[in-house]
Amino acid sequence: MKILVVNAGSSSLKYQLIDMETEKVLAKGGCERIGLDGSLLKAKGNGSEKIYEKPMPNHKIAIELVLGALLDSEIGVIKSMDEIGAVGHRVVASGEYFKKTTLVTPEVLKTLEENTFELAPLHNPAAATGVRACMEVMPHTPMALVFDTSFHATMPEKAYLYGVDYDDYKKYGVRKYGAHGTSHKFVSAEAAKYLGKKPEDLKIVTCHLGNGSSISAVDGGKCIDTSMGFTPLAGVLMGTRSGDIDASAVEFLARKKGLSHAEAVNYLNKKCGVAGISGVSSDFRDLEAGVERGNERCALALDMFSYQTKKFVGAYAAVMGGLDCIVFTAGVGENTPAVRAGVCEGLEFLGVEFDAESNALKNNGSIREISTKNSKVKVLIIPTNEELVIARETAELL
Ligand code: ADP
């Protein structure tokens with residue numbers, strides 16, 4: 001079966017067509033600037049790339065263009081739309097309405113639209129638009145919603161609750177939901193495979209470090225805690241997000257800067273993190289270049305990022321009562337040796353023997369061990385593959 005994975009943003013739509021027998025990506029690409037001037041689709045297939053500069057006033061037209069590219073005489077990889085067995089849609093937030101991958105029905109779509117938009121105002125409406133667009137263009141193809149939050153549904157109440165009034169939690173659903181679940185799920189399963197162990201026998205801390213970053217405790221194959229919260233603003237500081245901050249400091253900052261609640265949260269999401277600390281960039285490559293030039297604030301930003309990530313590793317080893325493996329993944333986790341070193345150095349007391357030489361090697365896109373042969377705790381770099389998880393989940397559901 002071939003599965004189309006769709007990741008719709010407010011003005012973008014990324015896709016991959018995956019052959020489930022081989023798990024190979026047959027075609028992939030993305031539409032940019034949907035609803036804006038200068039929209040285009042960059043599509044890859046059959047070993048070549050084609051750019052379609054076509055107006056895309058909405059997501060329906062975008063998905064029609066994507067299907068056109070999949071059927072294209074040069075870069076096309078299918079002969080008929082019927083070859084697409086199902087569509088898996090990435091959805092950021094589920095709230096408590098969906099615990100697992102869910103087949104799209106009119107009721108499911110209604111629940112998604114009526115209850116979850118507030119939880120991810122930028123992402124979930126876009127995902128729903130993507131689902132509706134696909135349903136219009138491919139009315140007979142089964143569709144699945146695959147949530148970033150599902151892998152975290154196994155967290156116990158003591159881990160996901162905030163210390164707020166329990167009745168308010170019940171009434172408003174204010175709690176930790178986490179994010180990047182498909183990535184944490186994928187890399188923790190890959191780690192078990194690589195180590196030749198059953199997931200049930202492993203205590204793993206997975207560090208998904210990218211522009212957005214989250215760290216999870218995966219005990220026996222199940223997520224028991226994660227660093228992101230009600231929204232992706234929580235946890236470690238990130239590219240432009242502050243990470244955890246005292247709520248009173250938010251009110252204080254808003255007052256001092258003359259911001260409304262919404263503006264203050266927007267500020268914490270967009271103007272803070274390593275970009276705010278360094279005053280240079282949210283991109284870790286720019287921070288590394290800054291350090292080389294002797295920029296102290298770039299060094300401070302990197303230092304804070306590693307320090308905060310290390311604290312989660314320690315906390316999660318404590319709550320799991322041990323640690324077998326640390327996994328680094330995503331843009332920064334896979335490509336920034338200084339961060340991995342900053343997180344792992346000094347963890348000898350936990351049984352981590354770090355291999356600085358292996359850590360310094362350039363990313364080659366495959367799994368790499370960056371702990372020594374004798375290290376009790378294995379440290380691995382594992383490239384993430386969220387699209388493959390979405391495709392697998394969709395196939396399993398069918
Ligand atoms: P997200 O999916 O959260 O947008 P990514 O996982 O793609 O983020 O990570 C993006 C970040 O990874 C960039 O901001 C950059 O700081 C960092 N990075 C460092 N080196 C590389 C590299 N060689 N390729 C891509 N990203 C890199």
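FYI, it's all coordinate maths here, none of it is from the lab. Since this is a predicted model, take the numbers as computed values, not measurements. No Cβ is skipped: glycine too gets one built from the backbone with ideal geometry, and neighbour counts run over all protein chains shown.
How would you rank 189-199, 246-256, 25-35, highest first, on the average number of other Cβ atoms within 10 Å across their residues? Spell out each step's value before the answer.
Working: 189-199: 15.7, 246-256: 11.6, 25-35: 20.0.
Per-residue Cβ counts within 10 Å, averaged per peptide and sorted highest first, yield 25-35, 189-199, 246-256.
Cβ under 11 Å from G342's Cβ, G342 left aside: what net charge do those residues give with Lys, Arg +1 and Asp, Glu -1? Write down the numbers at each step before the final one.
Working: positive: K310, R340; negative: D303, E345.
Net charge in that neighbourhood comes out at 0.
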Burial ordering of K376, K50, fewest other beta-carbon atoms within 10 Å first:
K376, K50
Calculate how large, on average over all directions, the projected area of the Cα convex hull of the chain is; give the answer in nm² to one decimal.
20.9
Once both labels are modelled 7 Å past Cα along the beta-carbon direction, what's the D19-D37 spacing in nm?
4.3
Long-range amide H contacts for S371: which residues qualify at under 5 Å (H placed 1.01 Å from N, peptide plane, sequence gap of 5 or more or a different chain)?
D355, V379
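To the nearest 500 deg cm²/dmol, what mean residue ellipticity at 222 nm is calculated for the chain from DSSP H runs of n ≥ 4 alone, each contributing -39,500 (n - 2.57), summed and divided by the residues? Let's see the in-between values first.
Details: 15 runs with 155 residues, N = 398.
That calculation yields -11500 deg cm²/dmol at 222 nm.
When you count, for each residue, the other Cβ atoms within 10 Å and take the mean per peptide, how do 205-217, 333-345, 114-126 rank with the highest first?
Most protected by this proxy first, the peptides run 205-217, 333-345, 114-126.
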So which lysines pass the test for K271, namely a Cα distance under 17 Å, with those fewer than 8 places away in the same chain ruled out?
K256, K257
If eta is 1.306 mPa s and T is 10 °C, what Stokes-Einstein diffusion coefficient results for segment 50-121, Kirkwood Rh from Cα pairs, in µm²/s?
107
Using R₀ = 41 Å, calculate the FRET efficiency as 1/(1 + (r/R₀)^6) where r is the Cβ-Cβ separation of K198 and E96; round to 0.05.
0.85
Under a Cβ-only charge scheme (Lys and Arg +1, Asp and Glu -1), can you give me the dipole magnitude of segment 41-169 about the Cα centre, in debye to the nearest 20?
500
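Mind checking the alpha-carbon convex hull of segment 1-90 and giving the volume per residue in Å³?
Working: hull volume 7.0 nm³, N = 90.
Output value, Cα hull per residue: 78 Å³.
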Which Rg and Dmax, in Å, describe the Cα atoms of segment 194-344?
16.5, 56
